[in-house]
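The values are calculated or read from the model by the stated rules, or taken from the named source; none is laboratory data. Quick caveat, the model's predicted, so the values are computed rather than measured. Methodologically, a virtual Cβ is constructed for each residue, glycine included, from the backbone with ideal geometry; neighbour enumeration extends over all protein chains shown. Heavy atoms of the whole protein, side chains included, go into the accessibility calculation; ligands, DNA and RNA do not. Shrake-Rupley method; radii C 1.70, N 1.55, O 1.52, S 1.80 Å.
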Amino acid sequence: MTGTSDDIIERWLEAVAAQLPPETRADITDELRELIVSRMEAKESDLGRDLTPAEVEGVLKEIGHPLAVAARYRAGPDSLIGPELLP
């Protein structure tokens, strides 16, 4: 991973973390970071090279919009129409 890729990932994780309860924030972001890294490593292995920033963004898009991802980890519904439908 390059510095730019790390920045993209960290910004995405920060966007997710901002929507999470403080008591679970660290555990969930650690879990998501591991998921991202494992998907990126698998893709890099298939391609035989490091991913470009655009490909890193593609991995994050596959995982989901930060609001939708954070909503999966929250306890109950905050609204009638959630970020899964309207991120």
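Within region 23-38, is even one residue in contact with a helix residue (DSSP H, G or I) (Cβ under 7 Å, 6 or more places away or on another chain), part of a helix (DSSP H, G or I) and charged (D, E, K, R)?
yes
So the check is Cβ under 6 Å with 6+ separation or different chains; which pairs have a first residue in region 11-34 that's surrounded by 11 or more Cβ atoms within 10 Å (Cβ to Cβ) and a second one that's assigned to a loop (DSSP other than H, G, I, E, B)?
Qualifying pairs under 6 Å: Ile28/Leu20.
Give me the pairs, please: first residue somewhere in region 36-54 and closer than 17 Å to Glu10 by Cβ and open to solvent by 80 Å² or more (accessible area, probe 1.4 Å), second residue anywhere and in a helix (DSSP H, G or I) and of a type in the set (A, V, I, L, M), beta-carbon distance under 6 Å, and either six or more positions apart or on two chains.
Matching pairs, first to second residue: Arg39/Val59.
Would you confirm whether or not region 53-63 contains a residue that is among the small types (Gly, Ala, Ser), within 18 Å of Thr4 (Cβ to Cβ) and in a helix (DSSP H, G or I)?
Among the residues of region 53-63, at least one is among the small types (Gly, Ala, Ser), within 18 Å of Thr4 (Cβ to Cβ) and in a helix (DSSP H, G or I), which makes the answer yes.
Looking at Gly3 and the list (1) small (Gly, Ala, Ser); (2) surrounded by 11 or more Cβ atoms within 10 Å (Cβ to Cβ); (3) modelled with pLDDT under 95, which single condition is not satisfied?
The number of the failed condition is (2).
I'm trying to understand the selection: among the residues of region 64-73, which are assigned to a helix (DSSP H, G or I) and buried (at least 16 other Cβ atoms within 10 Å of the Cβ)? Explain how you work it out, then say what you get.
Kept after step one, since they are assigned to a helix (DSSP H, G or I), are these residues of region 64-73: 66-73.
Passing the criteria: Pro66, Leu67, Ala68, Val69, Ala70, Ala71, Tyr73.
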